[in-house]
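Each remark here refers to the structure printed beneath this line.
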Amino acid sequence: MTSALKGKTALITGSTSGIGLGIAQGFAAQGINIVMNGFGDAAAIEAERAAIEAMGVKAIYNGADMTKPNEITEMVKQSVQTLGSIDIVINNAGIQHVAPVDEFPPEKWDEIVAINMSSSFHTIRAALPHMKKQGWGRIINIASAHGLVASPFKTAYVTAKHGIIGLTKTVALEVAQDNITCNAICPGYVLTPLVEKQIPDTAKSRGITEEEVKRDVLLAAQWTKKFVTTQQLAGTALFLCSDHAENITGTHISVDGGWTAA
Ligand code: NAD
């Protein structure tokens, strides 16, 4: 299904950790060259980059800060210059902050909107001319179940993720005849550092164990009672890049264990 993707280049924002890293590894296994991005310890990032390259593809790292539009534009430029093309963009970088709306720090609001929403506009804006020129492109925005439904105390995150769904639809219409598709993936809970960080605090504030947080809080709405895995998300993203998905555009695929069906 995916061998046609061999030799293409995917830029994956926020791919030094969690879902982005899982997608980078899954894509590299299909012969796709990778542009890694994200923060973290330089030696650890280099080790991940080298491990991806050892799968037989080219892999470069660019540390663009997703709150800075000029760094995003430069990253896209460097990707094309170094790897020859930019065929697939996965907008994945994201952060979280949890607080009641009337106590939500305005600077956290701005940061979440910049990283979780506006950065996707900037990568798409910079990458589209290259995709149009080559006559093929795939854009995948990692939204969330929170792009479709809300939870309390996550105003900025839920707002940004709903915004991503609107961006996905609009871009899809604009490039529908250019052989470029734009879709969102809406995961439920995945056990990545972003989620793991919330567990001890939630356990403390609710007076329950960390196991109870996983079962009764995080998986409360996930009807399968299973966390989504990064491998499952890589597989979904690969499907959206395949020829079978040529007519799937401007929509989302939920990978949420039934959360948003209820
Ligand atoms: P994570 O914390 O493991 O990874 C986030 C990545 O984003 C890291 O590589 C980090 O360095 C990068 N990043 C953060 N700020 C950045 C910035 N300013 N510039 C560049 N990179 C930056 O989180 P994750 O769980 O893998 O989340 C990835 C995406 O998936 C996010 O958009 C998140 O909202 C979404 N998501 C996660 C879950 C989940 O349960 N984990 C569920 C639904 C959606």
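The values are calculated or read from the model by the stated rules, or taken from the named source; none is laboratory data. Owing to the predicted nature of the structure, the values given are computational and were not obtained by experimental measurement. Glycine gets a Cβ as well: all are built from the backbone with ideal geometry, and neighbour counts include every protein chain shown. When the accessible area is computed, the model is the full protein with side chains, heavy atoms only, and any ligands, DNA or RNA have been set aside. Shrake-Rupley method; radii C 1.70, N 1.55, O 1.52, S 1.80 Å.
Scanning the stretch 1-15 for residues that are within 20 Å of the chain's Cα centre (by Cα) and free of Cβ contacts under 8 Å to residues at least 40 places away in the same chain turns up nothing. Inspect all residues belonging to the stretch 40-54 and state whether any of them is part of a helix (DSSP H, G or I) and either on the phi > 0 side of the Ramachandran plot or open to solvent by less than 20 Å² (accessible area, probe 1.4 Å) (or both). Yes, the conditions are met somewhere in the stretch 40-54.
As a summary of the residue check, VAL57 satisfies the conditions (1) surrounded by fewer than 21 Cβ atoms within 10 Å (Cβ to Cβ); (2) more than 20 Å from ILE142 (Cα to Cα); (3) touching a helix residue (DSSP H, G or I) at 6+ places or on another chain (Cβ under 6 Å); (4) aliphatic (A, V, I, L, M) except for the one numbered (1). There is no residue in the stretch 133-155 that is more than 30 Å from ALA28 (Cβ to Cβ), over 13 Å from the mean Cα position of the chain (by Cα) and not assigned by TED's automatic domain parsing to the domain that holds ASN116. Look at VAL113 and say whether it is in contact (Cβ under 8 Å) with a residue 60 or more places away in the chain, away from the ligand (no atom under 11 Å from the Cβ), within 15 Å of TYR157 (Cβ to Cβ) and assigned by TED's automatic domain parsing to the domain that holds ILE185. Judged against the criteria, VAL113 is not a match. Pairing each residue of the stretch 64-75 that is assigned to a loop (DSSP other than H, G, I, E, B) with any residue that is crowded, with 18+ Cβ neighbours inside 10 Å and of a type in the set (Ser, Thr, Tyr), provided the two are 6+ apart or on different chains, yields C-beta distances under 7 Å for MET66/THR13; MET66/SER119. When the residues of the stretch 1-32 are filtered to those that are in a loop (DSSP other than H, G, I, E, B) and among the aliphatic types (A, V, I, L, M), the one that is farthest from the ligand (Cβ to nearest atom) is MET1. Using the structure shown, decide if LEU240 is assigned to a helix (DSSP H, G or I), closer than 29 Å to LYS132 by Cβ and of a type in the set (A, V, I, L, M, F, W, C). Considered against the rule, which asks whether it is assigned to a helix (DSSP H, G or I), closer than 29 Å to LYS132 by Cβ and of a type in the set (A, V, I, L, M, F, W, C), LEU240 comes out as yes. Note on the stretch 211-262: residues that are open to solvent by less than 20 Å² (accessible area, probe 1.4 Å), among the polar types (S, T, N, Q) and within 20 Å of ALA28 (Cβ to Cβ) amount to 1. Close Cβ contacts (under 6 Å, 6 or more residues apart or on different chains) running from residues in the stretch 189-209 that are not assigned by TED's automatic domain parsing to the domain that holds SER15 to residues that are more than 15 Å from the ligand (Cβ to nearest atom) comprise ILE199/GLU210; ALA203/GLU210. In the stretch 96-132, the qualifying residues are those that are over 17 Å from the mean Cα position of the chain (by Cα) and among the β-branched types (Val, Ile, Thr), and the one that is farthest from ILE185 (Cα to Cα) is VAL101.
Within the stretch 30-52, being free of Cβ contacts under 8 Å to residues at least 40 places away in the same chain and under 18 Å from GLN81 (Cα atoms) holds for ILE34, MET36. The set of residues in the stretch 26-39 being of a type outside the set (Gly, Ala, Ser) and buried (at least 20 other Cβ atoms within 10 Å of the Cβ) consists of PHE27, GLN30, ILE32, ASN33, ILE34, VAL35, MET36, ASN37. Condition check: more than 21 Å from MET66 (Cβ to Cβ), assigned by TED's automatic domain parsing to the domain that holds ALA59 and of a type in the set (Gly, Ala, Ser). Does ALA43 satisfy that? Judged against the criteria, ALA43 is a match.
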